[in-house]
Structure formats: C-alpha cells, structure tokens
Amino acid sequence: QVQLVESGGGLVVQAGDSLRLSCAASGRTLSSYVVGWFRQAPGKERKFVASIRWNTGIPYYADSVKGRFTISRDNSKNTVYLQMNSLRPEDTAVYYCAARDYSAPTYDSWGQGTQVTVSS
C-alpha cells in the first residue's frame with residue numbers, strides 16, 4: 001500500500017488565519033489513486049474533508065470547507081496539499097491524509113495525523 005506522512009500542523013492559529021498541510025506519499029505510484037484529507041475533532045467521528053484524483057487532479061470537497069479549503073498535488077514530490085483559509089474554531093481537529101485505489105470501496109492507507117487548532 002501507500003505510506004503517508006502529514007506535516008504542517010502542530011500550530012495554534014487564530015480564526016481567520018491560513019495554514020497549509022502537506023501529505024507526502026511513498027511506496028506506490030499514485031496515478032490510479034485517490035488521495036483525501038479527513039479530520040477528527042475531539043469527541044467526534046472522523047469526517048471527510050477533501051479528496052483529489054491523482055490522475056486527473058479533479059478535487060472534491062465537503063460542504064463545510066467549500067470556498068475555504070483547496071486540495072492540490074505536486075506530482076514531482078508525490079505530495080498532496082490542503083490549503084486552509086479563513087479558518088474557524090470548528091476546524092480544530094487532527095487532520096489525516098489517506099489514499100485508496102480509485103476502484104476500492106474504502107481508503108486503506110492512512111497517515112498518522114497532524115493537529116490543527118484554531119482559537120476563537
């Protein structure tokens with residue numbers, strides 16, 4: 001499977017600030033994969049944030065982040081980014097990147113997560 005490592009978190013930012021998370025992938029070529037971002041707030045279930053089909057670059061977003069977050073990829077670095085703008089306290093969570101083959105029913109590769117804290 002794909003190995004994933006998140007970075008860019010571990011910071012406390014204020015509401016309205018921006019932050020970019022990175023997800024570095026290794027172990028597989030990603031041309032047939034979907035890479036996504038999920039987040040889990042304290043006491044909450046892990047939820048989908050955004051995803052991108054590696055081959056096409058077509059992104060998908062949860063309604064809660066549309067217009068504020070942008071997912072992108074850098075092919076040369078095998079890295080997916082999550083640019084988060086206009087952050088809100090409710091965005092506070094551990095953010096995970098994940099990967100699946102486009103034909104797979106679920107994500108089967110997960111990173112360790114990175115904390116994002118947004119103060120009010």
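The values are calculated or read from the model by the stated rules, or taken from the named source; none is laboratory data. What you are looking at is a predicted structure, and each value in this text was computed from that prediction instead of being measured. In this analysis, Cβ positions are derived from the backbone assuming ideal geometry, glycine residues included, and neighbour counts consider all displayed protein chains. SASA here: full protein model, heavy atoms, side chains in, ligands and nucleic acids out. Shrake-Rupley method; radii C 1.70, N 1.55, O 1.52, S 1.80 Å.
Residues being part of a loop (DSSP other than H, G, I, E, B) and in contact with a strand residue (DSSP E or B) (Cβ under 7 Å, 6 or more places away or on another chain): count how many of those fall in the stretch 17-29.
2
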**Fill in**
Screening ARG39, ARG46, ARG53 for residues that are more than 15 Å from TRP110 (Cα to Cα) and basic (Lys, Arg) leaves only ARG53
**Asked** How about the stretch 77-111: which of its residues are among the aromatic types (Phe, Trp, Tyr) and in a loop (DSSP other than H, G, I, E, B)?
**Response** TYR102, TYR107
**Asked** Across the stretch 39-62, what is the total count of residues that are open to solvent by 30 Å² or more (accessible area, probe 1.4 Å) and assigned to a strand (DSSP E or B)?
**Response** 8
**Complete:** Output for Cβ contacts, cut-off 9 Å, separation at least six or different chains, first residue under 19 Å from ARG73 (Cα atoms) and charged (D, E, K, R) in the stretch 1-15, second outside any strand (DSSP E or B) and open to solvent by 60 Å² or more (accessible area, probe 1.4 Å), reads GLU6/GLN112
**Complete:** Scanning the stretch 1-26 for residues that are in contact with a Cys (Cβ under 9 Å, 6 or more places away or on another chain) and not small (Gly, Ala, Ser), the one surrounded by the fewest Cβ atoms within 10 Å (Cβ to Cβ) turns out to be VAL5
**Item:** Number of positions in the stretch 63-105 that are modelled with pLDDT of 95 or more, over 14 Å from the mean Cα position of the chain (by Cα) and open to solvent by 80 Å² or more (accessible area, probe 1.4 Å)
**Value:** 4
**Asked** Would you pick out the residues in the stretch 26-44 that are among the aliphatic types (A, V, I, L, M) and modelled with pLDDT of 95 or more?
**Response** VAL34, VAL35, ALA41
**Asked** What do you reckon, is ASN75 under 25 Å from ARG28 (Cβ atoms) and either out of contact with any strand residue (DSSP E or B) (no Cβ under 7 Å at 6 or more places or on another chain) or polar (S, T, N, Q) (or both)?
**Response** yes
**Prompt:** Restricting the first residue to the stretch 101-116 and requiring it to be closer than 23 Å to GLY10 by Cβ, which pairs with a second residue that is of a type in the set (Val, Ile, Thr) and not in a strand (DSSP E or B) meet a Cβ separation below 7 Å and a spacing of at least six or different chains?
**Reply:** SER109/VAL2; VAL116/THR92
**Item:** Sole exception among (1) surrounded by 13 or more Cβ atoms within 10 Å (Cβ to Cβ); (2) in a loop (DSSP other than H, G, I, E, B); (3) touching a strand residue (DSSP E or B) at 6+ places or on another chain (Cβ under 8 Å) for VAL35, by number
**Value:** (2)
